[in-house]
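The values are calculated or read from the model by the stated rules, or taken from the named source; none is laboratory data. In this text, all values refer to a predicted model and were calculated from it rather than measured experimentally. Every residue, glycine among them, receives a Cβ derived from its backbone with ideal geometry; neighbour counts consider all protein chains shown. Accessible surface is based on the protein model in full, side chains and every heavy atom, while ligands, DNA and RNA are left aside. Shrake-Rupley method; radii C 1.70, N 1.55, O 1.52, S 1.80 Å.
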Amino acid sequence: MKQILFEGSSICLNKAGEEYRIALPAVADFSGQEGIRLYVELLSEGRAEFEVVLIPLSIARPEFFPAITGNIFVVGAGAHTVELPFEQFDFPQMVRAFLNYVDGVMIRLKQGVSVQLKRVEADIMGDFSVRAVCNGKAGNNGEWIEYPVFIENLATRKRFINIRQCRYGKECLPVKYEPYLLLEARECKEYVIKVLIAEDLPAGGLEKSSFLFVPDGEAKKARTLVFSTVRRREHPYLLLNRKQWKARREAILSDKNLFAAFEEKYLQRAKEWEVPLPSKEKDFVYPSYIQNELFAAVVSLEITGKEIYRKKSMDFFSGLLDEEKGYLSTEKSYFEFIESKKEYERGDFKVRRAQNAGWVQEAEFFNRIAICYDLLYPFFTSEEHRKMEACLRNYMDFASWRLTDGDGNNF
């Protein structure tokens, strides 16, 4: 959705070096946008060079840039609409985390004729937008996977959107979609692409399906979406598969030395474990060390088959998925080091956190959660599976963002 940063009375920049800083009411999240759009008027013939400066929140991580600049020339007297995609700004594109926490925007006249600044927006670039709700899903053989897409016509006239699958040549998954969509001026519609998981795709296999969206045959405005569809495989498979677990169980139960080692490392810990209730604190669910007890209980279940270890493990997941005290209800401030309380109050910096240690430990915690979920998969209800997917997707989105702040390399 478009974010209007400035509009109203025109600001005049008359000579090189003059600038105007837009006072944002709160820290802004530009991560869903594609760039900055300016509405300007050159007051005489000639040209003007603008510099747009994005200023991230200063209390953010030290890896964030102090400021990001993008430059563009405009020529000719009169009104102009100027777009600067973020790719045109001077920063490594793999390090984009700061776009979630923009504290200010400054417009500077670098050189040229006098200019009136009339409006500034953060928005998608162009007058046509295509956005997928989700770009990857898993399903079973014979299942149709649906990918909802929102297509928006930002032009002032109606348009036909031409939709085609871009075939590389070795695709094996059939697709269903309408090849045309009519959009009125300024209209946004939901559109669905369906992909069939076929027998030709092996269990655990992934196929990418690419689609091109062209508004009214204007190829230069085309957008592309790529969907990754995976065929589910039989659980468990992350640590060991079912056949391997059977062999491991038989070996341990038939060998006194192996059983003694198993008892010392896993079974005794699982016996002694009392599953805690979710924390009363709002910023985490469980203490970090509990991942070891959970793993011990799940391994003990696999080797002994005793119900008590299944119950303990599922009690842990009940707390993690609890709607009032579970993972998706937590609120943990992402920024630990506060330089200015006043600045800190300008935005909402809360994220989800499952355990009470650092972000590297959060990665380890979710690694164990994924392995244990894989082993316990048959014991979850369909509603619990839905909640687990929501939790895992939330963490993966967060981890993906963390990898773009320049300090998440050991995740």
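Annotations
- Annotation: of all residues in the range 268-287 being open to solvent by 50 Å² or more (accessible area, probe 1.4 Å) and not in a helix (DSSP H, G or I), the one that is nearest to Ile252 (Cα to Cα) is Glu274.
- Residue list for the range 211-227, restricted to those being part of a strand (DSSP E or B) and open to solvent by 30 Å² or more (accessible area, probe 1.4 Å): Leu212, Arg223, Thr224, Val226
- Complete set of residues in the range 10-36 that are at pLDDT below 90 and in a strand (DSSP E or B): Ser10
So that you can scan it fast, the table gives a plain yes or no per residue for (1) β-branched (Val, Ile, Thr); (2) surrounded by fewer than 17 Cβ atoms within 10 Å (Cβ to Cβ); (3) within 22 Å of Val102 (Cβ to Cβ):
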residue	(1), (2), (3)
Ile4	yes, yes, yes
Leu13	no, no, yes
Leu24	no, no, yes
Arg47	no, yes, no
Leu57	no, no, yes
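- Looking across Phe150, Phe160, one residue alone is in contact with an Asp or Glu (Cβ under 7 Å, 6 or more places away or on another chain), at pLDDT 95 or above and more than 21 Å from Ala219 (Cβ to Cβ). It is Phe150.
- All positions within the range 110-167 that are part of a loop (DSSP other than H, G, I, E, B), charged (D, E, K, R) and under 30 Å from Arg47 (Cα atoms): Asp127
- Cβ-Cβ under 6 Å pairs, at least 6 apart or on other chains, the range 225-236 side farther than 15 Å from Lys194 by Cβ, far side assigned to a loop (DSSP other than H, G, I, E, B) and not small (Gly, Ala, Ser): Arg231/Ile197; Arg231/Leu201; Arg232/Asn140
- Scanning the range 356-411 for residues that are outside any helix (DSSP H, G or I) and modelled with pLDDT of 90 or more returns Asn356, Ala357, Phe380, Thr381.
- Taking residues in the range 106-129 that are on the phi > 0 side of the Ramachandran plot, and partners anywhere that are among the β-branched types (Val, Ile, Thr), the pairs with Cβ atoms closer than 9 Å and at least 6 places apart or on different chains are Gly112/Val74; Gly112/Val75.
- Single match in Val102, Val75, Val115 (criterion: surrounded by fewer than 16 Cβ atoms within 10 Å (Cβ to Cβ) and either touching a Pro at 6+ places or on another chain (Cβ under 8 Å) or farther than 26 Å from Ala399 by Cβ (or both)): Val75
- Count of residues meeting criterion [assigned to a loop (DSSP other than H, G, I, E, B) and either open to solvent by 30 Å² or more (accessible area, probe 1.4 Å) or touching a Leu at 6+ places or on another chain (Cβ under 6 Å) (or both)] in the range 288-322: 4
- Only one entry of Ala155, Ala198 meets the criterion of being open to solvent by less than 30 Å² (accessible area, probe 1.4 Å), aliphatic (A, V, I, L, M) and at pLDDT below 95, and that entry is Ala155.
- Flag if Thr69 is hydroxyl-bearing (Ser, Thr, Tyr) and open to solvent by 60 Å² or more (accessible area, probe 1.4 Å): no
Residue-by-condition table, conditions (1) over 23 Å from Phe150 (Cβ atoms); (2) outside any strand (DSSP E or B); (3) of a type in the set (A, V, I, L, M):
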site: Leu182; (1), (2), (3): no, no, yes
site: Arg186; (1), (2), (3): no, yes, no
site: Glu190; (1), (2), (3): no, no, no
site: Ala198; (1), (2), (3): yes, yes, yes
site: Pro202; (1), (2), (3): yes, yes, no
site: Gln244; (1), (2), (3): yes, yes, no
